[in-house]
Amino acid sequence: MPKKAFVHSLLRGYSGRAPKSVKDALHFPNHQSAQARERSRRRKPPKYLKIVYNGQYMRVKVPTSSKGRPDAAPKPTTQSSRGNQQSQNKNTATSSPGAQEIKLAKNTGGQNLASRRSTGTKRVLKWLRSNLPVLTLNFGSICILVGFSRSDVLELRTLTMTGQITFAIYNLAQPNILWPSVLWSTLFASVNAKKITSIFHERTAEVVMTEEQERIFVDFFMGHGVTPLQFQWIYDKAKKMKVRKGTAIIEKGDIVDRIFLVVKGSTHNHVEGQKLTADSSVPDAWIGEMAYLDWFYRRHEEDTSAGDAEESNALKFGRGVSMYTVLADEDCDVLVWDHDIMEGLMEKSVDLRSALTRAMTAAVSAKIISLTIAKVDASKSWISWLSTWTAKDGSRVQIDVEK
């Protein structure tokens, strides 16, 4: 048995201290003295640094000045590093303990702020990843809702297509994929994509025109929202007609089943004794547009079963029948469309229907204003009526107007 083990087993019954004689005989080292024990009692407890790293609370013991920082690998010492280390040791020796504590507190505060930011960012990203399908579904619903509030067809179809795509993505992200819903959403999105392509092409396509076509487009169609491609459709469907001076374009009592546009020259007609014009220099160069709009409205808004009876009533009461004769004041160039051809053009595109309706409505408004002004100019003033008024007893009213 080793010597130390034998001594420990021998002195196990004592209270931690062996007799001095035994210690001297065996040369057993004495325990700490009373002064050493007192110094150990007065020794300050170790300091700990509380930090949060990656969401975990940690306590790190602050190393004493005699020991290096834990887990710090020794750096290779060179001549330059030795000089720098000596200067750093001098600066550390000259610096006060209070400054070191302030510097440590600043570093700790910056680390805590950075750790809190990184933790918040990770939490937000984790929440987004876990709730991404629901967010996608809500985004698609909002797009469809906003699309229904838009009046432009292109915006409506674009937002609706976006909503259908998000619905398909949501269904694909589910654990159990609902393939019928995915297929229907994809089909709706594909139809809207095709319509969007055609509408965009209709609005932005470039068309080669002659000088005469460009003049007609600028004077009669561009101001009402007709695009160059739409004008090309309208112009290709029109019949070109030249009318000699004094020739009637349409006569009173004829059934109006065509629309005329005087693109060059001027005409005149009389309504209730008042003269109206259809001049190519003004936007009311349309002829027969009121009868066409009335026919188009009745054809699309009323029941088909009552269409024949309504047609006979229209002829009976004057609807669809010309109320005046239109004569050419000079040689005129006229574009002519049958009602069926114009109906086909307006059904080809919603944008084209709106633009043509605006153009014809503007012509109707201009004619009404022209007729009203003509009536006012031709009517007598109240003074002229009073000056010719005679009562039954022969008394008269005489009015002298100062000039």
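Determine if the range 151-164 includes at least one residue that is in contact with a helix residue (DSSP H, G or I) (Cβ under 6 Å, 6 or more places away or on another chain), farther than 21 Å from residue 199 by Cβ, modelled with pLDDT of 90 or more and surrounded by 14 or more Cβ atoms within 10 Å (Cβ to Cβ).
Scanning the range 151-164 turns up no residue that is in contact with a helix residue (DSSP H, G or I) (Cβ under 6 Å, 6 or more places away or on another chain), farther than 21 Å from residue 199 by Cβ, modelled with pLDDT of 90 or more and surrounded by 14 or more Cβ atoms within 10 Å (Cβ to Cβ).
Here are 258, 215, 244: which of them is basic (Lys, Arg) and in contact with a helix residue (DSSP H, G or I) (Cβ under 8 Å, 6 or more places away or on another chain)? Working first, answer last.
Values: 215 fails: in contact with a helix residue (DSSP H, G or I) (Cβ under 8 Å, 6 or more places away or on another chain); 244 fails: in contact with a helix residue (DSSP H, G or I) (Cβ under 8 Å, 6 or more places away or on another chain).
On inspection, the qualifying residue turns out to be 258.
Here is a check on your reading of the model: is residue 347 of a type outside the set (A, V, I, L, M), buried (at least 16 other Cβ atoms within 10 Å of the Cβ), at pLDDT 85 or above and on the phi < 0 side of the Ramachandran plot?
Numbers: of a type outside the set (A, V, I, L, M): yes; buried (at least 16 other Cβ atoms within 10 Å of the Cβ): no; at pLDDT 85 or above: yes; on the phi < 0 side of the Ramachandran plot: yes.
Considered against the rule, which asks whether it is of a type outside the set (A, V, I, L, M), buried (at least 16 other Cβ atoms within 10 Å of the Cβ), at pLDDT 85 or above and on the phi < 0 side of the Ramachandran plot, residue 347 comes out as no.
Could you pull out the residue among 352, 356, 335 that is surrounded by 11 or more Cβ atoms within 10 Å (Cβ to Cβ), outside any helix (DSSP H, G or I) and modelled with pLDDT of 90 or more?
Values: 352 fails: outside any helix (DSSP H, G or I); 356 fails: outside any helix (DSSP H, G or I).
Only one candidate passes the filter, namely 335.
Name the residue, out of 226, 207, that is under 20 Å from residue 153 (Cα atoms) and touching a residue at least 24 places away in the same chain (Cβ under 8 Å). Break it down into steps so the answer makes sense when it comes.
Values: 207 fails: under 20 Å from residue 153 (Cα atoms).
Of 226, 207, the one residue that is under 20 Å from residue 153 (Cα atoms) and touching a residue at least 24 places away in the same chain (Cβ under 8 Å) is 226.
Let me spell it out: the conditions are (1) open to solvent by 70 Å² or more (accessible area, probe 1.4 Å); (2) closer than 30 Å to residue 233 by Cβ; (3) part of a helix (DSSP H, G or I), and residue 116 meets all of them except one. Which number is the exception?
(2)
Anything in the range 177-197 that is among the hydrophobic types (A, V, I, L, M, F, W, C), in a helix (DSSP H, G or I) and free of Cβ contacts under 8 Å to residues at least 40 places away in the same chain? List them, or say none. If you could, list the steps in order and put the result at the bottom.
Initial filter on the range 177-197 (among the hydrophobic types (A, V, I, L, M, F, W, C)): 177-179, 182-184, 187-189, 191, 193, 196.
Then drop every residue that is not in a helix (DSSP H, G or I), which leaves 179, 182-184, 187-189, 191, 193, 196.
Answer for the range 177-197, where residues must be among the hydrophobic types (A, V, I, L, M, F, W, C), in a helix (DSSP H, G or I) and free of Cβ contacts under 8 Å to residues at least 40 places away in the same chain: 179, 182, 183, 184, 187, 188, 189, 191, 193.
Those residues that are in contact with a Ser or Thr (Cβ under 8 Å, 6 or more places away or on another chain) and open to solvent by less than 60 Å² (accessible area, probe 1.4 Å), I need them from the range 200-226; list them, please.
Residues satisfying the conditions are 202, 205, 225.
The values are calculated or read from the model by the stated rules, or taken from the named source; none is laboratory data. Worth saying up front: this structure is predicted, and the values here are computed from it rather than measured. Cβ atoms come from the backbone with ideal geometry, glycine included; neighbour counts cover every protein chain shown. Each accessible area value is taken on the protein alone, full model and side chains, heavy atoms only, with ligands, DNA and RNA left out. Shrake-Rupley method; radii C 1.70, N 1.55, O 1.52, S 1.80 Å.
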